[in-house]
1. Determine the shape class of segment 77-212: with a ≥ b ≥ c the square roots of the Cα gyration tensor eigenvalues, call it rounded for a/c under 1.5, and otherwise prolate if a/b is greater than b/c, oblate otherwise.
2. How far apart, in nm, are two points set 7 Å out from the Cα along the Cα-to-Cβ line at Ser12 and at Thr195?
3. In Å², what does the accessible area per residue of segment 91-176 work out to with a 1.4 Å probe?
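The values are calculated or read from the model by the stated rules, or taken from the named source; none is laboratory data. All values derive from a computational prediction rather than experimental measurement. Heads up, the Cβs are rebuilt from the backbone with ideal geometry, glycines too, and the neighbour counts pull from every protein chain shown. Side chains included, ligands, DNA and RNA excluded: accessible areas come from the protein's heavy atoms. Shrake-Rupley method; radii C 1.70, N 1.55, O 1.52, S 1.80 Å.
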Amino acid sequence: AEPVFRGAPAGSAVWVGDFASRTLTRISSSATAAAPRASATVSADAPSTDIAGYPAAGKVVAVISMGGGGHTPPLAGGAFAVGEGAVWAVSAVESTLLRIDPRRNAVIASVKIPPTEDMAVSEGAVWLTNPLQNTVTRIDAVRNAVVKTIHLGFQPLGIAVSPGAVWVADASGPSVGVIDPRTNELVKTIRVGPTTVCCSEHMSVTAGPSGV
């Protein structure tokens, strides 16, 4: 399979997930970004070259292994997100959510999870879609523990969080489900297309200040 990359900015860094090598790479995006501490989990052969046009930034400062080896099963995940004071990444082979401390560039906690497609972080929690089980997993971002499994009755793919709502893309709709984070219940389903185009393998959702 070809490598698949996702990137997410976080303060003075950009985090890039590489599904093929099962690593999470931290790239400095600021001229004043501090170097990683000596205890950082950094690959010995990590490059440290400048990106053209950005002489003070664009440096790889850490490469963190997501673990595992061999073939990655379909829908095994590989998602990652930034929020609640940490970087969260799924070790796809082991179906484990890893909490990474951005101050040390090191994994400091892990949580066993179902096979995951996507995640979002907000409302004091990490939210994971589990398309093989038709559920969303809620993980407490303080205790690093699963606190709720929300059964949806449809196949969830993409997920996003806005104040007071968790938005889940339904591949079998096509529609978007709305979860109330106060009750952990599905409270609404919004159709976003005709049934003739249902069953999409790829659906994503994102939330902004004025809409989803």
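1. Working: a/c = 1.91, a/b = 1.59, b/c = 1.20.
Verdict is prolate for segment 77-212.
2. 5.5
3. Working: 3060 Å² over 86 residues.
Heavy-atom SASA per residue in segment 91-176 reads 36 Å².
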